[in-house]
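For reference, the structure is listed below as structure tokens.
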Amino acid sequence: MSDYSTIRQLTRPLHRVKFDPSAPSVFLASLGVNALAPTYQVSQRILFAILLMAGALPAAEPKAETLFPQTTVGFVSVADANDARERWERTQFGKMASDKAFKPFVEHIRTQVNERFGNLPDRLGVTWEELSAAAGGEAAFGMVAKEGETARLVAVVDTTGHSQQRETLLGKIDGRLMERGAKKAEEEVAGVKVITYTLPKKEDETKQRTATYFTKGELLCGSDDLAEAKALLASYGTEGKDRLTDNPHFSETFRRVNAEAKNTEPTLTWFIDPFAFDAALRTVAERSNTDNRDLMRILQEQGFGAIKGVGGHVTLSPDLSRDVVHRTAVYAPPKAGATGKKASEKYDLAMRMLELGNRDDLTAEEWAPRMVASYRTVNIDVQNAFDNVASIFDAMAGYEDAFKTTMEGFEKDPFGPKINIRKELVEHLGSRVTVVTDYSLPITPDCERYLIVIDAKDPDKLTTSIGKLMESDGAEQKKVGDQTYWELVPEEEVITESGVDSDLLDLGDGTTEDVGGEEAKERVLQRAAVCVHKGRLVIASDVKLLEQALFGVTSQEQLANTMDYQAAMESLGELIGPQRCVVSFTRGDEALRPSYELLRAGQMPKSQTFFGRFLNEMFTSKEDEEKGIARKQQINASDLPSFEVARRYFAPVARAIRSDDDGWFITGVLLNKGAETPEIASAK
């Protein structure tokens with residue numbers, strides 16, 4: 001088999017790639033190189049984890065940021081205890097958390113969040129909920145990086161007015177750690193009693209674990225490192241320079257956030273240095289970081305290390321119509337002398353792909369149907385992305401000139417399409433890429449459907465190139481109305497019909513299940529439809545979606561004319577101006593329905609939805625993760641209520657991303673579904 005053929009099997013053509021609809025750059029996903037997705041997903045995971053725990057979190061005027069050191073790579077702070085609790089209870093998330101029918105599921109997720117984001121119960125003998133319940137003021141948690149060592153965990157809680165709860169909690173921690181065989185030691189540092197628990201060393205540990213606590217005034221502090229606790233104590237009440245607020249990445253990130261938020265008081269404040277945070281989290285969670293092809297490591301080496309900070313504000317229940325408003329800054333300063341220039345000059349290597357230009361017309365297009373789960377549209381310089389993709393393509397493929405070989409294969413391989421991808425395909429594409437997703441019934445692991453629409457500069461030439469590409473790949477030419485399109489028979493179906501051993505088939509979900517079962521039948525019957533129509537390249541997972549893009553829908557059936565879309569976009573417009581490079585609208589209930597139904601059916605580990613993949617990563621054990629073993633569902637969700645009962649808790653979400661000279665700014669709003677008018681509800 002030629003190099004071209006081998007790589008072609010590894011990097012499927014545009015219409016076969018499983019893209020991640022959560023990513024800011026959809027076209028890069030269609031190339032199999034969704035560069036911003038991991039960093040974006042890390043920030044979304046942090047936000048999601050914060051929201052899950054917010055029901056118990058408290059606070060006051062933020063002070064912890066002046067106690068934590070500059071080397072803090074992850075930081076979460078909640079400001080006002082009583083206010084946060086009250087706001088949380090008004091949200092749909094808070095109401096779901098208090099619903100008895102969902103309690104086992106919510107508690108299970110909270111347990112996993114505690115373990116995956118620092119593992120506080122194991123390292124400090126306390127959960128987030130226990131720490132925050134003792135707070136009368138600010139509650140903050142941070143991860144402090146130490147070069148060549150395990151990262152330190154630090155928790156700071158203002159217990160003003162909660163002294164009894166604080167002492168009860170310290171007693172509980174003491175009993176819990178002593179039961180685990182810890183040795184207790186006390187010492188006085190600057191007039192403050194510091195208690196350290198030395199835990200028995202486990203077989204796989206190289207360093208002795210400790211948990212240290214002290215109380216200074218009304219401030220309760222805990223850390224898994226005595227030296228870090230002492231440093232925290234030393235910074236209390238001083239004007240030193242080793243503070244998180246002195247970290248330029250932190251200060252610049254929040255300079256941008258505060259400018260956008262103006263005088264809005266956040267319920268939650270969070271910050272990560274994404275690549276340093278990923279490395280630190282691995283040391284705390286004791287996850288393997290030895291794979292040279294680790295995605296985060298590849299991204300950092302490919303120029304994405306220019307992203308120095310991601311952080312923002314989350315405001316819960318700012319008014320009756322909105323449950324959550326969040327503002328997030330992605331701080332990626334340009335190289336020296338490149339201020340105001342394009343991404344190809346501001347950044348290095350693959351980071352140069354992200355030329356996401358702002359425009360003011362990224363509204364829902366006329367062909368977008370009313371009943372969709374999500375609608376996302378992005379403005380990207382496609383040619384620039386293509387011209388800068390080679391280095392990261394090679395890194396992910398694992399050898400030099402992989403991209404060059406692949407492109408030469410498309411052009412020169414006698415069995416290939418014989419087209420120059422750059423000149424005959426990419427040059428004819430426009431800058432606007434739109435992705436619509438929904439799902440088919442019945443719900444299966446692969447029930448999500450997609451529609452990708454890309455503007456074309458020269459539709460006639462693009463049609464010729466697409467025809468060559470599809471024909472060489474065995475696609476069938478068909479018609480719907482007067483429109484000719486190509487229907488691609490999935491690879492699994494072709495191989496099965498040719499008599500190849502089904503055990504060799506890659507089902508795309510990390511399993512090698514018998515393709516003779518019902519799941520396989522559903523997979524092999526999936527097809528993709530591709531054509532060029534009215535100045536756009538259209539790629540659909542099925543013909544029905546293709547028809548909607550081709551022939552449009554009536555005015556009453558347009559997404560743009562639905563009440564929930566209009567309400568979400570109007571709310572978003574109050575927070576961010578019209579200049580945007582990415583806009584998305586998601587119906588929370590419809591987007592989450594596949595994952596919810598699969599969870600109830602015990603099939604969540606097989607889910608290929610975005611939310612399903614998120615939960616699978618969160619719940620997969622360290623051992624199974626390293627061995628590549630698909631997890632077993634860890635919660636019996638068969639007793640969860642029907643989705644029709646649950647859907648009232650999942651509301652519409654709107655987000656917009658704006659390109660700035662020093663990165664991107666993300667603004668989002670989650671509506672309060674309980675505040676919907678009868679007209680909005682009936683319009684869906």
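What follows is calculated from the coordinates using simple rules that are stated; it is not laboratory data. Treat the numbers as computed from the prediction; the structure is a model and nothing was measured. Cβ coordinates were reconstructed from backbone atoms using ideal geometry, including for glycine residues, and neighbour counts include every protein chain displayed.
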Longest to shortest principal axis, alpha-carbon extents of the range 39-285, angstrom: 45, 45, 38
Dipole in debye (nearest 20) - the range 39-285, about Cα centre, beta carbon charges: Lys, Arg +1; Asp, Glu -1: 460
The range 529-591: trypsin sites (Lys or Arg not before Pro) in DSSP loop, at most 15 other beta carbons within 10 Å: K534
Positive-end residue, the range 39-285 charge dipole about Cα centroid, Cβ charges, pick of L120, A190, F271: L120
Cut-off 10 Å between beta-carbons: net charge of the residues surrounding V382, Lys and Arg +1, Asp and Glu -1: -3
Under 9 Å, Cβ to Cβ, from T212 - net charge with Lys/Arg +1 and Asp/Glu -1: -2
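Give me the net charge of Y596's neighbourhood, meaning all other residues with Cβ under 11 Å from the Cβ of Y596; Lys, Arg count +1, Asp, Glu -1.
Working: positive: R593, R600, R647; negative: D589, E590, E597, E644.
Here the count lands on -1.
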The range 129-214 shape via C-alpha gyration tensor axes, a/c threshold 1.5: prolate
